[in-house]
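> Handing you a structure now.
The values are calculated or read from the model by the stated rules, or taken from the named source; none is laboratory data. Just so we're clear, the structure is a prediction, and the values are computed from it rather than from any experiment. Methodologically, a virtual Cβ is constructed for each residue, glycine included, from the backbone with ideal geometry; neighbour enumeration extends over all protein chains shown.
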Amino acid sequence: MRLLSGLRPRLILAFAAMTIIGAAATAGVSYVSARNAILKAVQDAAMDQLKDRVSAYGRPLSTPPTQEQLNDFAGSLRLNAVAVYRNLRSVNGPDLTTFSPELRQSIANNTRIQFQRVDRDAGPEPVPELLIGLPVLVRQPDGLMGPSGVEVYSLTSLVQQQKAIEELARSAWQTAALVLPLAAALALLAARQVLRPVRALNTAAAQLGEGRLDVRLPAKGSDELAELVTTFNNTAAELERTVGELRAMEADARRFVADVSHELRTPLAAMNAVTDVLDEDAETLPPDTAVAARLVSGETRRLTRLVQDLVEISRFDAGRAELVLDEWDLATAIRDSLDARGWRDGEDLVTDLPEGVLARVDRRRLDLIVANLVGNAFRHGAAPVEVRLRAGDDGVTLEVEDHGPGIDPEVLPHVFDRFTKADTARARSEGSGLGLAIALENARLHGGDLTAADTGHGARFVLRLPHRTEGGTR
């Protein structure tokens, strides 16, 4: 069935089947017509000959005829015929048992010539024969012609005609068989003509799917395929226009985010300097003023992290993210990232970081990945958070697993999307919603990948990095 799964073999099969059926039907009709014509010709000739010879017999037949008269009458016909009058029959001619009782009864009750074609068993193959019966008419006392009681039966072999018919049938089927390659050729040609625009449409659709929105096809003719090509061209043109507008809007939005993020860095630097002073003097301030100062300081730090994340994302979007690669012992690099944020081994954090696992990485970007993954586990998961480093033949893996509520199945496919948060009800959580997206971009920049999974008792994030990475800019 797989051979018929394509449109091309089905078209070829349909065209070939139609051609062969047509050729076979034509051959069959021709055969039947020729067969009937041959049989009718021999049948009419035999009947006319018998009637003519019976009419040409010059001696009058008495009723009832004598045996001698019957013999003389049958012999004068010079045919393979027998003359019969009730229980008398001529000495020459075929056996009367050859003629069916139905034929003899029809002749006895009729004044017209009758015939019958039969196949007589005479050896390995039946012999076709033509049986003809004719009542001999005489003038009656009333002047009308009526049956005399004498009947003539003749037998004509149809063997030669049967051979001619068989030869005709053989020729007809051979002709039908010769149509097969012609049918295949016509089917191939028709399928090619039909499928050529379909293949062109398929190629154009594939190119459109690859992002070539300017692809168009020439519309030829006025049939359904031409209408389909026109529809495809109109769709592609509308898609190109829409995508162009969306890309322009996206570029404007990214440019706006990048510009705003960069513009905010200078005032934020000043605000951070002020909040640092406020934090140092908070103990000397009135209680209400101290609470407000700490709130402003916390929100300023949160805004600073958000701006930093936006600046980092804008670098990826603009293709200006750079790798500064060097060979590092990953256990040391990861442990330094954890220590810098006050995360140390204990009840809340369990690490398995074997020494001697080397890879070429950008130390700053690896630090961002580790900070985002472990920080995400502490914020949205539950202790203990496990950090495991493994080396394999195809690269290095870093697993960060917590024992919290896990990841909702509806959120899991979008966990690395920008501004996605596991708990949508907590709209003002500490994270910006960009951490995991930045971690994924940094992993891909290294030639690796980052995946997330729900373990049933928590969330697991797996970072995969190759042993060696070529330096460059993204």
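> Can you tell me which of (1) touching a residue at least 40 places away in the same chain (Cβ under 8 Å); (2) small (G, A, S); (3) under 24 Å from D402 (Cα atoms) is the one A318 doesn't meet?
(3)
Condition check ((1) surrounded by 18 or more Cβ atoms within 10 Å (Cβ to Cβ); (2) over 16 Å from I113 (Cα atoms); (3) in contact with a Leu (Cβ under 8 Å, 6 or more places away or on another chain)) across all residues:
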{"site": "A27", "(1), (2), (3)": "yes, yes, no"}
{"site": "N36", "(1), (2), (3)": "no, yes, no"}
{"site": "K40", "(1), (2), (3)": "no, no, no"}
{"site": "D48", "(1), (2), (3)": "no, no, no"}
{"site": "P60", "(1), (2), (3)": "no, yes, no"}
{"site": "Q69", "(1), (2), (3)": "yes, yes, yes"}
{"site": "R86", "(1), (2), (3)": "no, yes, no"}
{"site": "V91", "(1), (2), (3)": "no, yes, no"}
{"site": "P94", "(1), (2), (3)": "no, yes, yes"}
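> Here is a further query. Please specify each residue of segment 393-405 satisfying the condition of being at pLDDT below 90 and within 17 Å of T451 (Cα to Cα).
D394, G395
> Okay, next question. If the requirement is being in contact with a Gly (Cβ under 8 Å, 6 or more places away or on another chain), within 19 Å of I38 (Cβ to Cβ), modelled with pLDDT under 85 and surrounded by 13 or more Cβ atoms within 10 Å (Cβ to Cβ), which of these qualifies: A172, A164?
Working: A164 fails: in contact with a Gly (Cβ under 8 Å, 6 or more places away or on another chain).
Among A172, A164, only A172 is in contact with a Gly (Cβ under 8 Å, 6 or more places away or on another chain), within 19 Å of I38 (Cβ to Cβ), modelled with pLDDT under 85 and surrounded by 13 or more Cβ atoms within 10 Å (Cβ to Cβ).
> Right, here's the next one. Looking only at segment 321-364, which residues are among the β-branched types (V, I, T) and touching a residue at least 24 places away in the same chain (Cβ under 8 Å)?
V324, I334, V350, T351, V357, V361
> Out of S154, S222, S171, report the one residue that is without any contact (Cβ under 8 Å) to a residue 40 or more places away in the chain and closer than 30 Å to A46 by Cβ.
Criteria check complete, one pass: S171.
> Then there's this: Would you say E327 is more than 24 Å from A452 (Cβ to Cβ), charged (D, E, K, R) and assigned to a loop (DSSP other than H, G, I, E, B)?
Working: more than 24 Å from A452 (Cβ to Cβ): yes; charged (D, E, K, R): yes; assigned to a loop (DSSP other than H, G, I, E, B): no.
Judged against the criteria, E327 is not a match.
> Is there a residue in segment 350-367 that is in a loop (DSSP other than H, G, I, E, B) and either of a type in the set (D, E) or outside the structural domain of D454 (by TED's automatic domain parsing) (or both)? Don't jump to the end; show me each part of the working.
To start, the set of residues in segment 350-367 that are in a loop (DSSP other than H, G, I, E, B) comprises 353-357.
Narrowing further to those that are either of a type in the set (D, E) or outside the structural domain of D454 (by TED's automatic domain parsing) (or both): 355.
Looking through segment 350-367, at least one residue is in a loop (DSSP other than H, G, I, E, B) and either of a type in the set (D, E) or outside the structural domain of D454 (by TED's automatic domain parsing) (or both).
> For segment 59-86, give me each residue that is free of Cβ contacts under 8 Å to residues at least 60 places away in the same chain and either in contact with a strand residue (DSSP E or B) (Cβ under 8 Å, 6 or more places away or on another chain) or assigned to a helix (DSSP H, G or I) (or both).
Correct list: Q67, E68, Q69, N71, D72, G75, S76.
> With the requirement that a residue be closer than 18 Å to A14 by Cβ and among the basic types (K, R), what does segment 189-239 give you?
Result: R192, R196.
> Within segment 442-469, which residues are more than 24 Å from L358 (Cβ to Cβ) and not in a strand (DSSP E or B)? Give the derivation first.
Let us first name the residues in segment 442-469 that are more than 24 Å from L358 (Cβ to Cβ), namely 452-460.
Within segment 442-469, T455, G456, H457, G458 qualify.
> Only one residue in L373, L353, L366 is surrounded by 14 or more Cβ atoms within 10 Å (Cβ to Cβ), within 20 Å of Q308 (Cβ to Cβ) and either in contact with a strand residue (DSSP E or B) (Cβ under 6 Å, 6 or more places away or on another chain) or modelled with pLDDT under 90 (or both), so which one is that?
One residue alone meets the criteria, L373.
> What residue, among those in segment 182-215 that are more than 24 Å from the chain's Cα centre (by Cα) and surrounded by fewer than 15 Cβ atoms within 10 Å (Cβ to Cβ), is modelled with the lowest pLDDT?
Filtering first and then ranking leaves L182.
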